[in-house]
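Read the structure below first, then the notes.
The values are calculated or read from the model by the stated rules, or taken from the named source; none is laboratory data. As the structure is a computational prediction, the values presented were derived from the model and not from experiment. Methodologically, a virtual Cβ is constructed for each residue, glycine included, from the backbone with ideal geometry; neighbour enumeration extends over all protein chains shown. Side chains are part of the model used for accessible areas, which takes the heavy atoms of the whole protein and leaves out ligands, DNA and RNA. Shrake-Rupley method; radii C 1.70, N 1.55, O 1.52, S 1.80 Å.
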Amino acid sequence: AIVAYVEALPGGRAAMAERPRIDLDLPRLRQLPEGTFGREAARFLDARGLDPADLPRRVADDGPAWVRAHLYESHDLWHVVTGFDTDVAGELGLQAFYLAQFPARLAAAILAIGALNTFLYAFDDRGPRMDAIARGWQLGKDAQPFLAVRWADLWAVPLSEVRTRLGITAPVTVTRLAA
């Protein structure tokens with residue numbers, strides 16, 4: 001079902017045929033001009049101590065495997081474009097964005113588990129988490145489809161322009177409330 005969904009997107013058939021991979025070459029991305037998508041992606045990863053070289057390279061030898069690999073490789077880029085952080089609220093917000101963008105059963109399961117975790121262990125954090133989920137859902141519905149985006153073609157484009165092109169006119173800024 002996901003392959004048919006991607007193929008129906010603008011540029012989706014070409015993406016499924018070519019199966020472009022993402023190379024997050026941090027040293028190269030760090031050299032891009034300030035404010036570009038690539039430079040901001042490197043800054044995001046660096047600030048959180050994330051190194052794409054630590055991630056295993058997934059096999060992408062057919063349509064479903066490429067979609068899984070593409071989502072795996074582009075996950076942090078979706079964070080950069082949407083503005084969601086990597087805390088629990090941000091991850092739940094991004095999962096809501098995924099679910100609004102495509103038929104993502106795993107995203108629905110993660111959201112359900114996140115709701116249960118909130119109820120059992122982090123009830124005081126319910127406001128930021130629920131705000132992020134609601135915002136992610138709305139952003140995902142309003143944005144252009146991200147699944148067929150050729151992220152590597154956007155490295156040198158200003159992040160603000162990437163967001164505009166993709167329909168993210170008000171990126172997320174999650175503010176934490178004092179306990």
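For the reader, a short list of remarks on this structure follows.
- Heavy-atom surface of segment 8-58, accessible at 1.4 Å and reported per residue (Å²): 61 Å²
- Approximate spin-label separation Arg48-Glu161, in nm, with each point projected 7 Å along Cα-to-Cβ: 2.5 nm
- (1) 17.7; (2) 16.9; (3) 18.3, with the label sought being that of the calculated Kirkwood radius over Cα pairs in Å: (2)
- In segment 1-41, the GluC sites (Glu not before Pro) that fall in loop regions by DSSP, at most 14 other Cβ within 10 Å: Glu34
- Remark: C-alpha extents of segment 59-129 on the principal axes read 44, 23, 19 Å, sorted largest to smallest.
- With viscosity 1.002 mPa s and temperature 20 °C, the Kirkwood radius over alpha carbon pairs of segment 101-167 converts through Stokes-Einstein to a diffusion coefficient of 153 µm²/s.
- GNM flexibility winner over the chain from Leu159, Leu55, Leu24 (Cα, springs under 10 Å): Leu55
- Amide hydrogen proximity for Thr36: with H placed 1.01 Å from N in the peptide plane, the residues at 5 or more positions away or on another chain lying under 5 Å are Leu159.
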